[in-house]
Each structure stands twice: as C-alpha cells, then as structure tokens.
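One structure is given below, encoded as structure tokens.
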Amino acid sequence: GESVGLHLPTLSVQEGDNSIINCAYSNSASDYFIWYKQESGKGPQFIIDIRSNMDKRQGQRVTVLLNKTVKHLSLQIAATQPGDSAVYFCAENRNDYKLSFGAGTTVTVRA
Amino acid sequence: GAGVSQSPSNKVTEKGKDVELRCDPISGHTALYWYRQSLGQGLEFLIYFQGNSAPDKSGLPSDRFSAERTGGSVSTLTIQRTQQEDSAVYLCASSLVGTTSGSGANVLTFGAGSRLTVL
C-alpha cells in the first residue's frame, strides 16, 4: 500500500557534525513534501517544504533533497546542535489538503 | 493569538467517560485539522475543516469520535465512552490556505496537543 516512511527510527550524531535524515514515499502522485520537527512535549514545528518540481531547497542550516526517481526525501542539518535533538517527521501531500506523516526519526545529539 | 491553542493540555479520565478537547486556531486561518499521535507513532489524520465546506471526517476511527467547528474558528473534538486505546496526544493544526493547489503552500501550524489518558 501507499505509505510515507523513514529508513531509520533513531539517529545519534556528534555535535557539530552534519545529520542526514531519510524518508521514502511510495505515491508517485504526491506533489508536496514537508519536514517537521517535534520536541518533547510540543507540537510539530515546520522546518522546510519542497514541491515535486524541485529537487533541492535550502533553508537556514537545513537542506531538503527530493529524488523522484527513487521516491526518496532527505533532510540535511548542517553543524548539528544540541537544540536539534527532536523527532523529525516527513509528510507527504496526497491530495489537496491532507498531509500524511511518517513514523518519525528520533535524533539525539551527543556533546 | 499568535499560535494554535489547545486545552486541556492533559486529561486523565476513566474508561466510559466522555471527553471534550478544544482547539483555538490562528486567527484568519481557514483550515483546521485534528491529528492523533499515539506513543512513539506518527500522526494519524482524524478530521479536516475548511471554511463553510462539509468537513472531511474520513479519519475518525469510530462513531464515538466527533468534531465540530463553530463560527469558522474554535473547534471541539469529542470522544464518547472513552476506551483505553483512545489514549494518545490529540493535535490540532490550522493553515492559511488549506490546499497546495496553485502557489499556495499548505504549511500546518500545530498546537502543543492535548494528552489524553484513559484509565
């Protein structure tokens, strides 16, 4: 069936290193993708989004890459900081308004 | 307000009781969503409101769940005869446009959630 998923449920990264969080999707008709960050006890916060007519988009310390050929989405965080410790969700737009979320990757930053 | 406000932040109830969860979206946001997040899981879509259109209730898990949105603003999610499997964090989100059509980007702003524990 169609799903949005992440390759790894957890990621441990050394402070200052770059992080890469991966997400696979199966619906080739999806045209919009978003990454959210959820800190403990809080709701998800928007990080960055990308449309299917793009393959890369950059924000502040974050880059989202979209590979439509293999239906793969990734979030790169440069110079990871302790405040980046959180659960990261990718979300896929399958119709006009309903976002479908993956199970999330828990990122832990080691000092 | 500046963000999406949800209340209560925590609710502990006994099995069989009814609960109401409230969401105040960002002023001016026409679209409102409810999602459920079980422990260690992703977000499960429950219901979507857009303006005066009929809501999309396709994600509600049973007829014990209902939601309404009054005056295009505040929304209430009601769970009747709660069961232990209803224990989860219920997240509300709102967005300005509610669609990714055209040049709009459907960025959802989430509240902090209401944590429901059914004993």
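The values are calculated or read from the model by the stated rules, or taken from the named source; none is laboratory data. Keep in mind it's a predicted model, so treat the numbers as computed, not measured. Please note: Cβ atoms are built from the backbone with ideal geometry, for glycine as well, and neighbour counts cover all protein chains shown.
Couple of notes before you dig in:
- Any hit, segment B:25-42, residues being of a type in the set (Val, Ile, Thr) and without any contact (Cβ under 8 Å) to a residue 12 or more places away in the chain: no
- Residue under evaluation A:Thr80, criteria (1) within 13 Å of chain B (Cβ to nearest Cβ); (2) surrounded by 16 or more Cβ atoms within 10 Å (Cβ to Cβ); (3) in a loop (DSSP other than H, G, I, E, B); (4) over 12 Å from the mean Cα position of the chain (by Cα), criterion not met: (1)
- Subset of segment A:59-69 (residues that are touching a residue at least 24 places away in the same chain (Cβ under 8 Å) and not in a strand (DSSP E or B)): A:Lys68
- Among residues of segment B:37-59, those that are crowded, with 19+ Cβ neighbours inside 10 Å, hydrophobic (A, V, I, L, M, F, W, C) and more than 18 Å from A:Gly104 (Cα to Cα), counted: 3
- Filtering B:Arg36, B:Arg69, B:Arg64 for residues that are basic (Lys, Arg) and within 20 Å of A:Lys37 (Cβ to Cβ) leaves a single hit, B:Arg36.
- Pick from segment B:6-31, criterion under 14 Å from B:Leu91 (Cα atoms) and among the polar types (S, T, N, Q), ranking: surrounded by the fewest Cβ atoms within 10 Å (Cβ to Cβ): B:Asn10
- Selection status of A:Gly16, within 14 Å of chain B (Cβ to nearest Cβ), of a type in the set (Gly, Ala, Ser) and outside any strand (DSSP E or B): no
- Candidate set from segment B:97-119 (those that are within 14 Å of chain A (Cβ to nearest Cβ) and part of a strand (DSSP E or B)); member that is modelled with the lowest pLDDT: B:Thr109
- Only residues that are within 14 Å of chain B (Cβ to nearest Cβ) and either of a type in the set (D, E, K, R) or not in a strand (DSSP E or B) (or both) were counted across segment A:83-108, and they come to 9.
- Unmet criterion (only one of (1) under 14 Å from the mean Cα position of the chain (by Cα); (2) over 14 Å from B:Phe110 (Cα atoms); (3) within 11 Å of chain A (Cβ to nearest Cβ)) for B:Ser53: (1)
- Restricted to strands (runs of 3 or more DSSP E) entirely inside segment B:10-96, those with at least 3 residues that are hydroxyl-bearing (Ser, Thr, Tyr) are B:75-79, B:88-95.
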